[in-house]
Amino acid sequence: MLNLRTILLFVFTSQQVYCQVHTISGYVEDVNTGERIIGAYIIDNKTKNVTQTNNYGFYNFKTTERHVELQATYVGFKSSSFYFSLKHDTIINIEMQPIRELGEVLITSYYYKRNVNSDLGLSTLNIKQLISIPSLGESDLVKSIQNQPGIQSGIEGSTGVFVRGGSAGENLFMLDEIPMYNISHLYGFFSIFNSSAIKDIKLYKGCFPARYGGRTSSVIDVRSLDGNNKSVKGELSIGLISSKFTLEGPLFSPKTTFIITGRRSYLDLYSNTLKSLNLMNLNFPGYYFYDINARLTHVLSTSDKLFFSLYIGKDKIQFKD
């Protein structure tokens, strides 16, 4: 009788251990720059459970399987697969390799159960596609957003965003979780968002999450780059209306990164030249604007990150009379 009880207790305990729920979590990063990827899909190929990285490139999900087969996918990156045995909660950071060429695409039809909840009314915009749309010779994110379905620009050339009949003042613009109350330069012809500093844009045209507070038309949530943690790099761009620069890289260690971007227009230089040639009224006001974006990020641990984000912008009009 004692042996029977011992066997039953052993079987019951084994089942409890086997069915124990474990958590798999971590970050998804670009292998070349160390930039964490927002919106990457992590798939458990055995259970078909799917999760997506959040605004900080972090993912986590729970499983009862002992042998796990993970697959990480994201547009423009090579898919990565991992096979391992799971005995306890595990942290797995995934590095993905960008790809420039597409191989053969085979389209098949089969039943796929996708256990992930997508936010209603959410559109995640591709940064590379947005900045490829020029506006007055310069790429402008807000001008590109105006080309999305259900959005109108109002006055031609302005940065006004009118979503499904709403007014421009009913939209919430956020930069790194900070509300931006004035998003335009030059009376609305340019926006304050420097495309060189932007990593991700989420556009909500309805069903806004409660964390954004009260808005009636839309929410545009903009996230800036953390900076390259592999090497220090810089970029200089000269345009017809403005010029900008970018400097990014690790600071002392790969755990601490920085990025600084600046932009300045030189419309005042044009007007001063025309005035000196008597081709423009001397009382015509001089004008220029500038933007400075800076972000300092430090990884405290595998689950904690601290960042400091700075934006400075100004429009300056010069009157002599």
(message) I'd like to know how region 137-294 sits against the 2.2 N^0.38 Å rule of thumb: what's its Cα Rg over that expected value?
(response) 1.22
(message) Apply the Karplus curve 6.51 cos²θ - 1.76 cosθ + 1.60, θ = phi - 60°, to the phi angles in region 268-276 and return the couplings in whole Hz, x for Gly and Pro.
(response) 5, 5, 4, 5, 5, 5, 5, 5, 5
(message) Under 5 Å between amide hydrogens, which residues at least 5 positions from S217 or on another chain qualify, with H placed 1.01 Å from N in the peptide plane?
(response) none
(message) As a quick test, which of the pairs K230/K316; K233/K314; K202/K230; K205/K244; K48/K233 have an alpha carbon distance above 29 angstrom in this structure?
(response) K230/K316; K205/K244; K48/K233
(request) Check the straight Cα-Cα distances from K320 and name the lysines below 27 Å, setting aside those fewer than 8 residues away within the same chain. (result) K275
(request) Give the Rg (one decimal place) followed by the Dmax (whole number) of region 225-321, computed from C-alpha coordinates and expressed in Å. (result) 19.1, 63
(message) Tell me the relative contact order for region 170-218 as a rounded percent, counting alpha carbon contacts under 8 Å between residues six or more apart.
(response) 42
(request) Would you please name the trypsin sites (Lys or Arg not before Pro) within region 38-88 that are DSSP coil residues with at most 16 other C-beta atoms within 10 Å of their C-beta? (result) K46, K48, R66, K78, K87
(message) Using each residue's phi in region 237-248, evaluate 6.51 cos²θ - 1.76 cosθ + 1.60 at θ = phi - 60° and report the 3J(HN,Hα) Karplus result to the nearest Hz, with x for Gly and Pro.
(response) 10, 10, x, 6, 10, 8, 10, 8, 9, 9, 9, 8
(request) For region 46-54, just list the computed ³J(HN,Hα) in residue order, Karplus coefficients 6.51, -1.76 and 1.60, θ = phi - 60°, integers in Hz, with x standing in for Gly and Pro. (result) 7, 8, 6, 6, 10, 9, 10, 5, 8
(request) Return P(r) of region 154-223 (all Cα-Cα pairs; 10 Å bins starting at 0; whole %; ordered from short to long distances). (result) 19, 53, 27, 1
(request) Work out, in µm²/s and without decimals, the Stokes-Einstein translational diffusion coefficient of region 235-282 at 4 °C, 1.567 mPa s, Rh from Kirkwood over C-alpha pairs. (result) 97
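None of the figures in this text is laboratory data; all of them are computed from the coordinates on show. Not measured: the values here are computed from a predicted model. Heads up, the Cβs are rebuilt from the backbone with ideal geometry, glycines too, and the neighbour counts pull from every protein chain shown.
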